[in-house]
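Each remark here refers to the structure printed beneath this line.
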Amino acid sequence: MNPDVAIVIVTYNSAPMILGLLDSLDQALDGLTAEVVVVDNGSSDETSTLVRARSDCRLIQAENRGYSAGINLGVRSADASGAIVILNPDVRMDRGSIRLLVDALQHDGVGITVPRVRSAEGVLQPSLRRDPTLLRSLGFSRLGRARFSEHVQDPGDYSFAHEVDWALGAILAVSRRCADAVGEWDESFFLYSEETDFCLRARARGFSTRFEPEATAMHVGGQSGQSDAIHTMQIINRVRLYRRRHRLLPSACYFAATLLSETSWLLRGRRQSRASIVALVRPHRRPPQLNCADSLIPR
């Protein structure tokens, strides 16, 4: 019989993290059967060796074509006909959490479910997000007003189940109907904004994203770090996502607002913003994995 759930984990130099996640899955499934597929994106550490030594998962070794490419490869290779659960290697799932996420997919119109996430110190990790807009691109989240912030910061918003625009992609459960309707994850992003794109495409096809606070997990975080290249990918991909969903004039305004925001962050001491500013104004300095050096406003 096909398993109830396909769990897809994409790794890259994840040796310090992966065993803790795999060890947490059995209690999180709470009786559900699962096929666990680990797609290793060309790690140079011991990740593949550690995964291959286990009997509770299947390893696929692949070249590093990005996070979405790893997800797509894992989903295509899985036999499960039910829900798909996508996990980062640096999370730890709490007891019953995967079952709760899968059960929540049965609500009318729900295609994606996400849990309540805490940090390694046990502090709430704000993981819910609002639609990217021109106003929110200015980075006024410190004002504490929803219309100015893409980040959902109010702890009260994490105390009850409700529909959200999108959520960070460290932990996502996706119904098979939603996955089939939306199609594959967009591999052109390589890293970052792919979960935003997927949630928004799902909503356009009638599937909402639901926050389920009874399902909980810990996100150790910090594996990818905050290098200049990583931060630049985040910023460039935000502009690309907006451009793909809007006309040229509002996209140009979004580009300018992002540039202004990054400049303000640089003046406040965030050194990674220097690299993102250079990549915004000099397309040939953008990460080559993104393949978007042909125009000023990336697409």
Legend entry - Single condition Arg118 does not satisfy, out of (1) of a type outside the set (Val, Ile, Thr); (2) at pLDDT below 95; (3) out of contact with any helix residue (DSSP H, G or I) (no Cβ under 6 Å at 6 or more places or on another chain): (2)
Legend entry - Of all residues making up region 87-104, the number that are in a helix (DSSP H, G or I), among the hydrophobic types (A, V, I, L, M, F, W, C) and either surrounded by fewer than 23 Cβ atoms within 10 Å (Cβ to Cβ) or in contact with a helix residue (DSSP H, G or I) (Cβ under 6 Å, 6 or more places away or on another chain) (or both): 3
Inset, instruction - Kindly provide the set of residues from region 254-291 that are in contact (Cβ under 8 Å) with a residue 12 or more places away in the chain and small (Gly, Ala, Ser), ordered by number. - result: Ala257, Ser261, Ser264, Ser273, Ala275, Ser276, Ala279
Inset, instruction - Test Ala215 against the criterion of being aliphatic (A, V, I, L, M) and in a helix (DSSP H, G or I), and give yes or no. - result: no
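Assess whether Glu212 counts as being in the same structural domain as Arg176 (by TED's automatic domain parsing), of a type outside the set (A, V, I, L, M, F, W, C) and surrounded by 19 or more Cβ atoms within 10 Å (Cβ to Cβ).
Numbers: in the same structural domain as Arg176 (by TED's automatic domain parsing): yes; of a type outside the set (A, V, I, L, M, F, W, C): yes; surrounded by 19 or more Cβ atoms within 10 Å (Cβ to Cβ): yes.
Judged against the criteria, Glu212 is a match.
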Legend entry - Set Ala229, Ala202, Ala181: member being at pLDDT 95 or above, part of a helix (DSSP H, G or I) and surrounded by fewer than 19 Cβ atoms within 10 Å (Cβ to Cβ): Ala181
Legend entry - Single match in Asp94, Asp45, Asp40 (criterion: charged (D, E, K, R), over 29 Å from Pro213 (Cα atoms) and in contact with a strand residue (DSSP E or B) (Cβ under 9 Å, 6 or more places away or on another chain)): Asp40
Inset, instruction - Please tell me if Glu63 is at pLDDT 95 or above and exposed (fewer than 15 other Cβ atoms within 10 Å of the Cβ). - result: yes
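With the condition kept exactly as written, say whether any residue in region 286-295 is part of a helix (DSSP H, G or I) and either in contact with a Leu (Cβ under 6 Å, 6 or more places away or on another chain) or within 26 Å of Val123 (Cβ to Cβ) (or both).
The answer is no, given that none of the residues of region 286-295 is part of a helix (DSSP H, G or I) and either in contact with a Leu (Cβ under 6 Å, 6 or more places away or on another chain) or within 26 Å of Val123 (Cβ to Cβ) (or both).
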Inset, instruction - Go through the residues of region 205-218 one by one and say whether even a single one is over 30 Å from Pro16 (Cβ atoms) and among the hydrophobic types (A, V, I, L, M, F, W, C). - result: yes
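Out of the residues in region 31-86 that are part of a strand (DSSP E or B) and acidic (Asp, Glu), which is nearest to the chain's Cα centre (by Cα)?
Asp40
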Inset, instruction - Within region 62-74, identify whether any single residue is within 27 Å of Phe189 (Cα to Cα), without any contact (Cβ under 8 Å) to a residue 24 or more places away in the chain and not β-branched (Val, Ile, Thr), and answer yes or no. - result: yes
Inset, instruction - Return yes or no: is Ser251 surrounded by 15 or more Cβ atoms within 10 Å (Cβ to Cβ) and touching a residue at least 60 places away in the same chain (Cβ under 8 Å)? - result: no
Legend entry - All positions within region 157-178 that are in a helix (DSSP H, G or I) and out of contact with any helix residue (DSSP H, G or I) (no Cβ under 6 Å at 6 or more places or on another chain): Asp157, Tyr158, Arg176, Arg177
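The values are calculated or read from the model by the stated rules, or taken from the named source; none is laboratory data. Small disclaimer: the values here were computed from a predicted structure and weren't measured. Ideal geometry is used to build each Cβ from the backbone, glycine not excepted, and the neighbour counts take in all protein chains shown.
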